[in-house]
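The values are calculated or read from the model by the stated rules, or taken from the named source; none is laboratory data. Owing to the predicted nature of the structure, the values given are computational and were not obtained by experimental measurement. Quick reminder, even Gly has a Cβ in these numbers, built from the backbone with ideal geometry, and neighbours come from all protein chains shown. Note: areas computed on protein heavy atoms with side chains; ligands, DNA, RNA excluded. Shrake-Rupley method; radii C 1.70, N 1.55, O 1.52, S 1.80 Å.
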Amino acid sequence: MKILVTGGAGFIGANFLNLLVPRHPEHTFVNADKLTYAANLASLADIAGAANYVFRRTDIADAAAVDALFDEQAPDIVIHFAAESHVDRSISGPREFVRTNIEGTFNLLEAARRIWKDGQGLFHHVSTDEVYGSLGAEGMFTEDTRYDPSSPYSASKAASDHLVRAYHRTFKLPVKLTNCSNNYGPLQFPEKLIPLMIMNAQDGKPLPVYGQGTNVRDWLYVQDHCEAIWTVVQRGAVGETYNIGGNNEVKNIDVVHGLCRVLAEETGRPAEALLGLITYVKDRPGHDLRYAIDATKIREHLGWSPKETFETGLRKTVRWYLDHHAWVDQVRTGEYRNWIEQNYDRR
Ligand code: NAD
Ligand code: TYD
């Protein structure tokens, strides 16, 4: 099989390729990525030379480039990770989110529809639980929860989900969708909560908690997400959506406390000094209170369940950031710095 992975140089895509390329030498994996600020080819160093791995720098929002890629590679399967993925960036600059997440997905669907005839192919769309909006204190998102996105990011992902389903209903394109909760783990760009806190704590910088720190996210270790996607690609039903989550609801402030504790244990620094870096900052506009996934469908229909607990996953993640100085130093430069200034200096 020829498997086209979009956004394979980002956090989840790179974890996916690092897991699947060595495991499946019988498949060729083509990574099509624009290499935005969020991408890092260093994340793919272990597989860059593999005989079953190909990289093509591609902007999915460029329809001609997507068509040329499909003509050249003729993929059997598309696994679509590429996206602008950060909520705060979508608030300060939503345009790229519409361009990549909506127009980019549209271009891929059009190209797939052009080359796949009579039920050929599979388009797996990787999406988020944020399309469902915010939960109150009770309840969980199921696959039937009404879409109610809050941010330009989640609205653009919701639009892309609708396009994918429409191409299935209207043109019979074989599609599958997964909507997953918050991921954490190795290779995550430090604009997101967990790697940002690890890197700031290491540098003795403030740990900025939005609002009161009482918002709740359902955390899933990234490799568990990757295994879930591969499970759905292999055994999921065409036209179906599967929610993926860790059953791991944690308040943001408890995530930060947990990180300080693990960092103190792993580095020998006093936990009190790390906890003293916590700073409450202005809340995110439209900040969703709580996400929680009901993953019954993927568990019961496909037998998937997460392997990591939050405790084991957090420790692995902290260790990874402590052990990978070269990767960490690289992302400290350039765009990352501009973003930190833009986002935090104004709060
Ligand atoms: P990321 O921001 O780390 O990586 C995104 C990748 O997409 C980067 O390599 C970037 O270069 C690439 N990209 C961006 N615009 C592109 C374009 N126009 N053309 C080609 N490539 C482009 O994101 P991530 O956290 O790895 O998320 C991957 C996917 O998973 C996204 O679709 C996201 O919505 C979804 N998702 C993420 C999470 C999470 O917690 N991170 C949870 C659920 C779902
Ligand atoms: P984030 O990692 O941006 O993921 P998402 O917004 O997609 O859930 O944020 C996770 C939670 O952490 C969210 O409630 C916002 C909060 N947060 C902070 O409190 N401080 C920060 O510096 C960041 C980046 C996020």
Being among the aromatic types (Phe, Trp, Tyr) and either closer than 25 Å to LEU44 by Cβ or part of a loop (DSSP other than H, G, I, E, B) (or both) narrows TYR153, TYR167 down to just TYR153
Scanning the stretch 1-13 for residues that are touching an Asp or Glu at 6+ places or on another chain (Cβ under 9 Å) and open to solvent by less than 40 Å² (accessible area, probe 1.4 Å) gives ILE3, LEU4, VAL5, THR6, GLY7, GLY8, ALA9, GLY10, GLY13
Test result for SER181, within 10 Å of ligand 2 (Cβ to nearest atom), under 19 Å from the mean Cα position of the chain (by Cα), small (Gly, Ala, Ser) and open to solvent by 10 Å² or more (accessible area, probe 1.4 Å): no
Those residues of the stretch 13-54 that are among the aromatic types (Phe, Trp, Tyr) and in contact (Cβ under 8 Å) with a residue 40 or more places away in the chain come to a total of 2
Picking from HIS80, HIS24, the residue that is open to solvent by less than 40 Å² (accessible area, probe 1.4 Å), at pLDDT 95 or above and more than 8 Å from ligand 1 (Cβ to nearest atom) would be HIS24
Subject >> Test: residue in the stretch 257-276 that is surrounded by 14 or more Cβ atoms within 10 Å (Cβ to Cβ), in contact with a Gly (Cβ under 8 Å, 6 or more places away or on another chain) and farther than 23 Å from SER90 by Cα >> reply: no
Restricting attention to the stretch 211-247, the residues that are in a helix (DSSP H, G or I), within 16 Å of ligand 2 (Cβ to nearest atom) and open to solvent by 20 Å² or more (accessible area, probe 1.4 Å) number exactly 0
Exactly one of ALA137, ALA159 is of a type outside the set (Phe, Trp, Tyr), open to solvent by 10 Å² or more (accessible area, probe 1.4 Å) and within 14 Å of ligand 1 (Cβ to nearest atom), and that residue is ALA159
Of the conditions (1) open to solvent by 30 Å² or more (accessible area, probe 1.4 Å); (2) under 30 Å from ARG235 (Cα atoms); (3) within 16 Å of ligand 1 (Cβ to nearest atom), the single one that GLY303 does not satisfy is (3)
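Each row is one residue, and each column tells you yes or no for (1) without any contact (Cβ under 8 Å) to a residue 24 or more places away in the chain; (2) open to solvent by 50 Å² or more (accessible area, probe 1.4 Å); (3) within 16 Å of ligand 2 (Cβ to nearest atom).
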{"residue": "ASN101", "(1), (2), (3)": "no, no, yes"}
{"residue": "ASN107", "(1), (2), (3)": "no, no, no"}
{"residue": "GLU110", "(1), (2), (3)": "no, yes, no"}
{"residue": "HIS124", "(1), (2), (3)": "no, no, no"}
{"residue": "ARG146", "(1), (2), (3)": "yes, yes, no"}
{"residue": "ALA166", "(1), (2), (3)": "yes, no, no"}
{"residue": "PHE171", "(1), (2), (3)": "no, yes, no"}
{"residue": "LYS176", "(1), (2), (3)": "no, no, no"}
Considering the stretch 284-317, residues that are of a type in the set (A, V, I, L, M), touching a residue at least 60 places away in the same chain (Cβ under 8 Å) and away from ligand 2 (no atom under 16 Å from the Cβ), and then whichever is nearest to SER92 (Cα to Cα), we arrive at ILE298
